[in-house]
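Student: Here you go, one structure.
The values are calculated or read from the model by the stated rules, or taken from the named source; none is laboratory data. Bear in mind the structure is a predicted one, so any value in this text is a computation, not a measurement. Ideal geometry is used to build each Cβ from the backbone, glycine not excepted, and the neighbour counts take in all protein chains shown. Calculation scope for accessible area: heavy atoms of the full protein, side chains included, ligands and nucleic acids excluded. Shrake-Rupley method; radii C 1.70, N 1.55, O 1.52, S 1.80 Å.
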Amino acid sequence: MPWASEADRWAELVFCVTNAFVDDPVQCRQLTESLRDLQLVSPSALMGAKDTPTPAHAVIRHVLGQHGIGKEQTERIIQTLADMASAVMNGYEGKIQRFLRAEAESIRDDLTTLLAGPRTPSSELRRGITHWLQNAAGLPISVEDESVRQFCANRGITVQQLQQAADEVDFNLALVDDLIRLEKAEP
């Protein structure tokens with residue numbers, strides 16, 4: 001599972017978008033890591049760079065300049081990253097995985113409908129497709145099988161509370177499912 005950390009997944013989006021502006025993956029990876037080291041890659045930090053006179057804007061502008069990005073390109077990158085961050089902060093409380101989860105659930109439901117045959121048990125197909133979306137695409141979606149429901153019941157929490165807890169610590173929900181299954185399998 002390549003995305004245990006949702007913060008890493010977000011940083012990868014920052015890298016990819018920056019790389020779309022500057023076609024130099026090594027340079028863009030280094031500048032993304034520099035921003036990360038300065039704690040300026042998170043949605044909340046990038047949102048603070050939206051306005052020119054802010055300290056975050058000045059530091060990000062400096063970091064991009066240190067990595068050889070020109071002034072005009074720097075401003076375009078900062079505005080794009082700040083706009084992205086603002087959208088994620090306003091729509092998903094700064095958690096890109098919440099957007100991905102909603103879309104993954106829609107994909108799962110569409111695939112379940114598409115792939116169901118007249119004799120296909122829909123709950124098993126749905127669970128299998130969900131597991132596949134976790135494994136094949138690394139999507140932060142829960143199978144919500146008996147193991148997960150029992151885990152939650154034993155702790156007096158709901159599946160939604162489990163999702164919120166995973167989001168709070170930026171941990172991929174698919175890995176939470178895997179850990180629950182591992183715990184259940186242990187003697």
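Student: Exactly one of these conditions fails for residue 114: (1) crowded, with 17+ Cβ neighbours inside 10 Å; (2) at pLDDT 95 or above. Give me its number.
Tutor: Exception for residue 114: condition (1).
Student: Just for helices (runs of 4 or more DSSP H) wholly inside the range 1-78: which have at least 2 residues that are at pLDDT below 95?
Tutor: Numbers: elements: 6-21, 25-37, 43-47, 55-66.
Fully inside the range 1-78 and qualifying: 55-66.
Student: Could you tell me whether residue 102 is open to solvent by 20 Å² or more (accessible area, probe 1.4 Å), outside the structural domain of residue 167 (by the TED database) and either of a type in the set (Ser, Thr, Tyr) or modelled with pLDDT of 95 or more (or both)?
Tutor: no
Student: Quick one: in the range 12-27, of everything that is touching a helix residue (DSSP H, G or I) at 6+ places or on another chain (Cβ under 8 Å) and either more than 19 Å from residue 57 (Cβ to Cβ) or of a type in the set (Asp, Glu) (or both), which residue is least open to solvent (accessible area, probe 1.4 Å)? Steps first, answer last, please.
Tutor: Start the filter on the range 12-27 by keeping residues that are touching a helix residue (DSSP H, G or I) at 6+ places or on another chain (Cβ under 8 Å), which leaves 13-15, 17-19, 21-22, 25.
Cutting the leftovers down to either more than 19 Å from residue 57 (Cβ to Cβ) or of a type in the set (Asp, Glu) (or both) gives us 13, 15, 19, 25.
On the way: 13: 64, 15: 19, 19: 36, 25: 67 Å².
Only one residue tops the list, namely 15.
Student: Something else: In the range 68-87, what residues are surrounded by fewer than 19 Cβ atoms within 10 Å (Cβ to Cβ) and either β-branched (Val, Ile, Thr) or in contact with a helix residue (DSSP H, G or I) (Cβ under 8 Å, 6 or more places away or on another chain) (or both)? Before the answer, list the steps.
Tutor: So in the range 68-87, the residues surrounded by fewer than 19 Cβ atoms within 10 Å (Cβ to Cβ) come out as 68, 70-73, 75-76, 79-80, 83-84, 86-87.
Listed by number, the residues that qualify are 68, 71, 73, 75, 76, 80, 84, 86.
Student: Mind listing just one residue for me: the one in the range 117-161 that is open to solvent by 60 Å² or more (accessible area, probe 1.4 Å) and hydroxyl-bearing (Ser, Thr, Tyr) and, of those, nearest to residue 5 (Cα to Cα)?
Tutor: 158
Student: Between a residue in the range 105-129 that is closer than 15 Å to residue 142 by Cβ and any residue that is of a type in the set (Ser, Thr, Tyr) and part of a loop (DSSP other than H, G, I, E, B), which pairs come within a Cβ distance under 6 Å, given they are 6 or more apart or on different chains?
Tutor: Nothing qualifies.
Student: Of everything in the range 44-56 that's of a type outside the set (Lys, Arg) and more than 20 Å from residue 30 (Cβ to Cβ), which residue is surrounded by the most Cβ atoms within 10 Å (Cβ to Cβ)?
Tutor: The initial filter retains those residues of the range 44-56 that are of a type outside the set (Lys, Arg), namely 44-49, 51-56.
From the residues that got through so far, the ones that are more than 20 Å from residue 30 (Cβ to Cβ) too are 44, 47-48, 51-55.
Details: 44: 14, 47: 22, 48: 19, 51: 10, 52: 11, 53: 6, 54: 14, 55: 10.
It comes out as 47.
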